[in-house]
Amino acid sequence: MARFYFLAIESTLFGGSSLTRSWGRIGTKGQMRVDLFDTAPEAVEASSQLLQRKLKRGYRQDAEEISPR
């Protein structure tokens, strides 16, 4: 079954950061969850942990979508 998992870190209107994740089967809308953090480093750490978990489960990282901040 072909699946996707997308992670994005964005700043919020109140000075914090949010980690947005979307997942599901390729070709569908899937599901979305937004987690709020007080600082950007907290969001980056959470994103890194999720990424490592997903890579261990067999997901592949799309290098074209990665952009340093």
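The values are calculated or read from the model by the stated rules, or taken from the named source; none is laboratory data. Bear in mind that the values here come from a model prediction, so they are computed numbers and not experimental data. So basically every Cβ, Gly included, is an ideal-geometry build from the backbone, and we count neighbours across all protein chains shown. Accessible surface areas use protein heavy atoms only, side chains included; no ligands, DNA or RNA. Shrake-Rupley method; radii C 1.70, N 1.55, O 1.52, S 1.80 Å.
Give the residues of the stretch 18-34 that are open to solvent by 30 Å² or more (accessible area, probe 1.4 Å) and either touching a residue at least 60 places away in the same chain (Cβ under 8 Å) or of a type outside the set (Lys, Arg) (or both), sorted by residue number. Hits for the stretch 18-34 are Trp23, Ile26, Gly27, Thr28, Gly30, Gln31, Met32, Val34.
Mind listing just one residue for me: the one in the stretch 42-52 that is open to solvent by 40 Å² or more (accessible area, probe 1.4 Å) and not polar (S, T, N, Q) and, of those, farthest from Thr12 (Cα to Cα)? Spell out the reasoning first.
Going residue by residue through the stretch 42-52, those that are open to solvent by 40 Å² or more (accessible area, probe 1.4 Å) are 42, 44-45, 48-49, 51-52.
Of the ones still in play, those that are also not polar (S, T, N, Q) are 42, 44-45, 51.
Values: Glu42: 14, Val44: 14, Glu45: 17, Leu51: 22 Å.
The selected residue is Leu51.
For the stretch 53-68, residues that are open to solvent by less than 100 Å² (accessible area, probe 1.4 Å), modelled with pLDDT of 85 or more and part of a helix (DSSP H, G or I) total 2.
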